[in-house]
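Okay, so here's the structure we're looking at.
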Amino acid sequence: MTSGIEPFGDFAPYPGCRIVILNNDKFEALPPRVQAAVKEAFDVVETSGEEAQRINKALLRELEV
């Protein structure tokens with residue numbers, strides 16, 4: 001947040017100890033040490049918007065009670 005990234009605008013927490021980077025330009029503008037820390041703490045997987053939407057819908061179905 002000190003680097004100008006805002007929760008739910010530029011990134012969002014996700015079930016299963018994941019985060020979703022919503023603003024890739026801001027993420028890439030972060031200092032290299034911050035990017036490295038994120039990549040070390042999380043498995044980084046790039047997806048297309050369509051693939052991300054498909055995954056979101058599948059997770060939502062599993063979370064619904």
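The values are calculated or read from the model by the stated rules, or taken from the named source; none is laboratory data. Predicted, not measured: the structure shown is a model, and the values here were computed from it. Cβ: placed from backbone, ideal geometry, glycine included. Neighbour counts: every protein chain shown. Calculation scope for accessible area: heavy atoms of the full protein, side chains included, ligands and nucleic acids excluded. Shrake-Rupley method; radii C 1.70, N 1.55, O 1.52, S 1.80 Å.
Applying the condition of being out of contact with any Lys or Arg (no Cβ under 6 Å at 6 or more places or on another chain) and of a type in the set (Asp, Glu) to the stretch 1-26 and asking which residue is modelled with the highest pLDDT yields Asp25.
Within the stretch 30-65, the set of residues being open to solvent by 60 Å² or more (accessible area, probe 1.4 Å), without any contact (Cβ under 8 Å) to a residue 24 or more places away in the chain and hydrophobic (A, V, I, L, M, F, W, C) comprises Ala41, Val44, Val45, Leu60, Val65.
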